[in-house]
Amino acid sequence: MDMITFLKTIGYIGTWAALFTEGAFFFGIFLPGDSLLFPIGILAGQDVFNLWVMLPGCFIAAFLGNLVGYEIGKRWGPKVLKSRYGAKFIKEHHVEKCDHFFEKYGAFTVVISRFIHFARTFVPFAAGMSRMDYKLFVAYSSIGALLWATGIPLLGYFVGGLIPEGSIDRYLLPFIACLILIVASPAIISAIKARFFSKTSEIPAKSSD
């Protein structure tokens, strides 16, 4: 079953449930994410979905999924990772990549993770387990959900008709890569400035004769 047919089958409620599950539970890592959102816009352009009903639901589902993932990580994080359930879905390289993102981008990782498949599922859990400031997590989760869960369907709505049938992934992936760079640019610039100034501060001043 192709994604267009799948979306027509599950409708509004099924789409929102999939977006919620991807952020809330480990088994959500197997859900399609980006490949699901883009065709939503295409179908809205064909009047299969009402875009202005679908988009708020997508945002709310993605946002609430993150909050549930955070609570699971906060309350049961270490136990879940050590369980068969956790080990089945979360691999060591997933943990290492998420740790790398947190080291590089800090709390802004919550936004960036929306556009990276495995990270959408694991980052909320990791944020809860590490006791990230809840207000900060909520703020960045709302930004990430808005950009991801509404931005990608809108792209599909406005340009989907220009993409040849069967070539969605070919055009979607470059767009997501560009969007990640745009979204992450403030954090990247801040990290570069911090590293540059820390290095210059370490250079001893020349003593005057």
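Some observations on this one:
- Inter-residue pairs, beta-carbon under 9 Å, first over 10 Å from TYR12 (Cα atoms) and in the stretch 42-53, second surrounded by fewer than 16 Cβ atoms within 10 Å (Cβ to Cβ) and among the small types (Gly, Ala, Ser), 6+ apart: ILE42/GLY161; GLY45/GLY161; GLN46/GLY161
- Residue in the stretch 90-102 that is in a helix (DSSP H, G or I), modelled with pLDDT of 80 or more and crowded, with 17+ Cβ neighbours inside 10 Å present: no
- Subset of the stretch 123-182 (residues that are surrounded by fewer than 17 Cβ atoms within 10 Å (Cβ to Cβ), among the aromatic types (Phe, Trp, Tyr) and at pLDDT 90 or above): TYR134
The values are calculated or read from the model by the stated rules, or taken from the named source; none is laboratory data. All values derive from a computational prediction rather than experimental measurement. When we count neighbours, we look across all protein chains shown, and the Cβ atoms used for this are built from the backbone with ideal geometry, even at glycine.
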